Amino acid sequence: MSYAFLTALGLSDIEEGAWNGSGPLATTSGETVDVYTPTDGSRIGTVRLATVADYESVLATAQERFKAWRSVPAPQRGEVIRLLGLALREHKAELGALISLEMGKIRSEGEGEVQEAIDICDFAVGLSRQLYGLTMHSERASHRMYEQWHPLGVIGIITAFNFPMAVWAWNAALAAVCGDTMIWKPSLKTPLCAIALQKIVDRVFGEAGHPGVMTTVVGTDAGVGTTMINDKRLPLISATGSCRMGKLVGTAVAARLGRSLLELGGNNAIIVDATADLDLVFRGTVFGAVGTAGQRCTSTRRLMVERPIARALAERMARAYETVRIGDPLESGVLMGPLIDDDAVRMFEAAVASAVEQGGEVLTGGVALRDRPGHYVRPTIVWSDKRLPISFEETFAPILYITPWDRLEDAIADQNDADQGLSSALFTNNLRHAEGFLSAAGSDCGIANINIGTSGAEIGGAFGGEKETGGGRESGSDAWRAYMRRQTCTINYGTQMPLAQGVEFL
Ligand code: UN1
């Protein structure tokens, strides 16, 4: 390991996988997972996997800590998150570089992800003074009614490889100010990001006198993962990942009548009409489709363009794709790093093959770069006059399907035809088109943008989507409510006992 930023983050060659907030536990399995960088396939670390027994031990701490943390005034909980945000700022460059190394997104996007974690900390600090409940007028004399929000308990957080820090932060910062404690199960593809964060968390929460609010367990899906989703002691499982995984999580959690917060896949489209500013379209689409090598749940997978301008736009995009520098995400000037692993490369190849079989024309890309170590592919544009069945499958790779349209209603219907409903965009300068797209008859997605691409949402808004995206909302707005339980309180300050609905009794 010759990366200075790994040392600066305190990462050793072998790390433990179970963290209860006061440092690592000695894990009991003896099983390890090697971590490879997708940039050249070399090993960058090893983690000793946590077992279900280790999970039990971490959970015991989180449960115990909850009893104290829930009674710490919310603004004081916010103060610890403020300190966490400061610590993240201090380590932004190293954390960003670690994301690039372990996950493969370019440095600017890696640092952007850390910024997203910092932003949600700032948001949560303010939120800690705004966990508002409503008051209502009681129908009974001398009665007062209001609702208040209490912490839920120990929250289970399951995250994917593609946002190995930000998605945890969305959940963790909010859950912490809400008074919950938590256990994080990160992706086994990116455990070092989680461990680096946990080390920072341990320091900040330890110094603040609240160790064990945030804990981490690096374990297998079959072992720790299955145990968590079936564990009644976790009132909420917040899971981000594939629709396939989400269905398993949602079903298991529902079976025990727990709560799940699911933020799953997307098959996001940009619609462009003939009035659109094509420079904006171009920039928004390239970022959405090529950024993070197409491995965001918000990545742009389909571009639907009004027919008269469609082919020319597709060709312009294809020419620009040829100039995208592909390579080591830590190198400056590189715009696209590798895919996460070889499976992802194979899925990319299979999707391109299906597209061709279904009548698509590959305008650029379409191939993996097997002449070098790492998991690199060329960003790809597939043109087709008609929609291709493969374009309705979410492939985590930089493939953009472009089709022309004649009627905006048809384009919107096509966009909404995806199984998922995460993000969507319309580029237009036509007010009627814009408002129609945002109307109830328009986009069916959780995110609908005008003249902005599908990816790169700010943390201030609620993040998530409909249908197979899972319906959950994380991050900003009032997403905090998912991490709390609502209590309706009615107080009788009179001398009578009137019953609601005018019922007479006794
Ligand atoms: C994800 O891909 O799971 O809107 C999250 C975006 C980022 C978050 C993506 N802020 O693209």
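The values are calculated or read from the model by the stated rules, or taken from the named source; none is laboratory data. Small disclaimer: the values here were computed from a predicted structure and weren't measured. Counting neighbours? That spans all protein chains shown, and the Cβs are built from the backbone with ideal geometry, glycine included. Remember, those area values only see protein heavy atoms, side chains included, never the ligands or the DNA or RNA. Shrake-Rupley method; radii C 1.70, N 1.55, O 1.52, S 1.80 Å.
The set of residues from region 279-330 being more than 25 Å from the chain's Cα centre (by Cα) and closer than 23 Å to D371 by Cα comprises A318, R319, A320, Y321, E322, T323, V324, R325. Of all residues in region 178-202 being surrounded by 24 or more Cβ atoms within 10 Å (Cβ to Cβ) and of a type in the set (D, E, K, R), which is farthest from the chain's Cα centre (by Cα)? Top of the filtered list is D180. A single member of G465, G470, G460, G456 is of a type in the set (G, A, S) and open to solvent by less than 30 Å² (accessible area, probe 1.4 Å), and it is G465. Exactly one residue among A222, A239 is in a helix (DSSP H, G or I), over 20 Å from G21 (Cβ atoms), of a type in the set (G, A, S) and out of contact with any Lys or Arg (no Cβ under 7 Å at 6 or more places or on another chain), and that residue is A222. Residues that are open to solvent by less than 50 Å² (accessible area, probe 1.4 Å) and in contact with a helix residue (DSSP H, G or I) (Cβ under 7 Å, 6 or more places away or on another chain) within region 387-410 comprise L388, I390, T395, A397, P398, I399, L400, Y401, I402, P404, W405, L408, listed in sequence order.
For region 140-156, the condition of being in contact (Cβ under 8 Å) with a residue 60 or more places away in the chain, among the basic types (K, R) and open to solvent by less than 10 Å² (accessible area, probe 1.4 Å) holds for none of the residues. For region 203-237, the set of residues classified as crowded, with 19+ Cβ neighbours inside 10 Å and either outside the structural domain of D34 (by TED's automatic domain parsing) or closer than 16 Å to G85 by Cβ (or both) consists of V204, F205, H210, V213, M214, listed by residue number.
Screening A160, A175 for residues that are within 16 Å of the ligand (Cβ to nearest atom), surrounded by 15 or more Cβ atoms within 10 Å (Cβ to Cβ) and in contact (Cβ under 8 Å) with a residue 24 or more places away in the chain leaves exactly one candidate, A160. Taking the listed residues D343, D273, D279, the one that is of a type in the set (D, E), loosely packed, with under 15 Cβ neighbours inside 10 Å and closer than 26 Å to S443 by Cβ is D279, with no other qualifying. Identification of strands (runs of 3 or more DSSP E) wholly contained in region 347-457 with 2 or more residues that are away from the ligand (no atom under 16 Å from the Cβ) and in the same structural domain as A312 (by TED's automatic domain parsing) yields 361-364, 380-383, 399-405, 423-427.
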